[in-house]
Amino acid sequence: MRKLVVASLLAAPLLLAGCGGSSESGGSSSAAASASAGMPASSATAVSGTVTVQNPPSAITPEARLELSLVDVTQQPSVTVNKQDFSPPTFPQTFRIPFSSSAINPNDLYVLQATMQDSGRTYSTKLQQPVLTHGQPANVDLTLVAEPTPAEKMLADFENAKRQTGGMKVKSGTSSKIGESHSWQVFSDVHGVEFVIEQVNQADKGFTKTQYAFRNALPWVVVQEQMPKPDAPATSTAKVGWDDNGVLVLNQQTGGKGDKVSDDEAKSLHKQAEAEYKKFAKNH
């Protein structure tokens, strides 16, 4: 479905850094692109071109929504001259955003913005594409790049924080009872306990390795691996993580019944993390 919406013009200047450069894709041939559009940008009545997606991490779904906006960024706040939506887009997606010549001030700077939302992920261009004025073209080709999801950002932060444990204080311990043995390492710094790695060997029942990470004395990320015996490949791995308000952001599972852990499992892992922190924080 396509929609054309003309926004009302507001006022006051805002200049975006980096917008005066060439297009991220096809910018070096802007003169040729303008010529291929059949008229110079100064006399154009529409911005047109195509949109593609660079190496999408997963297939684009029918729920995807692509929005292109022609924006005057000299005004403050910036003013949307016109926009076009595609729900869902078909790539390479062609577009044509018309405008009235009276809506364009030749002294202002205009950019074409493109964003897409799909399955909780945002796709955007690396740079905003200048168009129309100051020698910029009316016909452009844009490339969308996938941004990390909140869960991916959390996992990347977790892996980076884990690398910092080499500079922390470490305390280790073990305990055992019939049919079960425990071992753990506790990593702490001036802020208190940051990481706990616990391993539970239940002999015939298997081996569990759990990594607990904390931020601001709260459960942050838990990674739990199940395997038949120590040093064997994991048969299942659960990864869950929460923001500062306790909202579940990360929920991934491999080797289990689905690609996510259940709500009850996530709550159980959160309680386990709280218990681990209370148990070790008083001694660090």
Residue list for the range 253-271, filter: at pLDDT 95 or above and either touching a Phe, Trp or Tyr at 6+ places or on another chain (Cβ under 9 Å) or closer than 25 Å to N160 by Cβ (or both)
A266, L269, H270
Cβ contacts < 6 Å: first residue closer than 15 Å to S183 by Cα, restricted to the range 206-225; second residue among the polar types (S, T, N, Q) and open to solvent by 40 Å² or more (accessible area, probe 1.4 Å), any location; separation 6+ or different chain. Result?
F207/N201; T208/Q226; K209/Q199
I'm checking my understanding of the structure. Among residues of the range 258-284 that are under 20 Å from E198 (Cα atoms) and of a type in the set (S, T, N, Q), which one is surrounded by the fewest Cβ atoms within 10 Å (Cβ to Cβ)?
N283
Which one of the conditions (1) open to solvent by less than 60 Å² (accessible area, probe 1.4 Å); (2) touching a Ser or Thr at 6+ places or on another chain (Cβ under 7 Å); (3) not small (G, A, S) does Q226 fail to meet, given that it meets all the rest?
(1)
All positions within the range 235-255 that are out of contact with any Lys or Arg (no Cβ under 8 Å at 6 or more places or on another chain), closer than 14 Å to Q224 by Cα and crowded, with 16+ Cβ neighbours inside 10 Å:
T237, A238, K239, V240, G241
Residues being loosely packed, with under 11 Cβ neighbours inside 10 Å and among the small types (G, A, S) - total across the range 155-190:
6
Return a yes/no flag: does the range 65-79 have any residue that is touching a Cys at 6+ places or on another chain (Cβ under 6 Å), within 17 Å of T143 (Cα to Cα) and among the aliphatic types (A, V, I, L, M).
no
Filter pass, V193 being surrounded by 13 or more Cβ atoms within 10 Å (Cβ to Cβ), part of a strand (DSSP E or B) and touching a residue at least 40 places away in the same chain (Cβ under 8 Å)
yes
Return the residues of the range 97-135 that are touching a helix residue (DSSP H, G or I) at 6+ places or on another chain (Cβ under 9 Å) and among the small types (G, A, S); say none if nothing qualifies.
S101, G120, G135
Where Q164 falls short, out of the listed (1) over 16 Å from H270 (Cα atoms); (2) in contact (Cβ under 8 Å) with a residue 40 or more places away in the chain:
(2)
Those residues of the range 136-186 that are more than 30 Å from D244 (Cβ to Cβ), hydrophobic (A, V, I, L, M, F, W, C) and in contact with a helix residue (DSSP H, G or I) (Cβ under 8 Å, 6 or more places away or on another chain) come to a total of 2
Qualifying positions in the range 45-56 - of a type in the set (S, T, Y) and either within 19 Å of Q128 (Cβ to Cβ) or crowded, with 16+ Cβ neighbours inside 10 Å (or both)
S48, T50, T52
Kindly evaluate A59 against the criterion of being surrounded by fewer than 16 Cβ atoms within 10 Å (Cβ to Cβ) and aliphatic (A, V, I, L, M).
yes
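The values are calculated or read from the model by the stated rules, or taken from the named source; none is laboratory data. Please read these numbers as outputs of a predicted model, since none were measured by experiment. Glycine gets a Cβ as well: all are built from the backbone with ideal geometry, and neighbour counts include every protein chain shown. Each accessible area value is taken on the protein alone, full model and side chains, heavy atoms only, with ligands, DNA and RNA left out. Shrake-Rupley method; radii C 1.70, N 1.55, O 1.52, S 1.80 Å.
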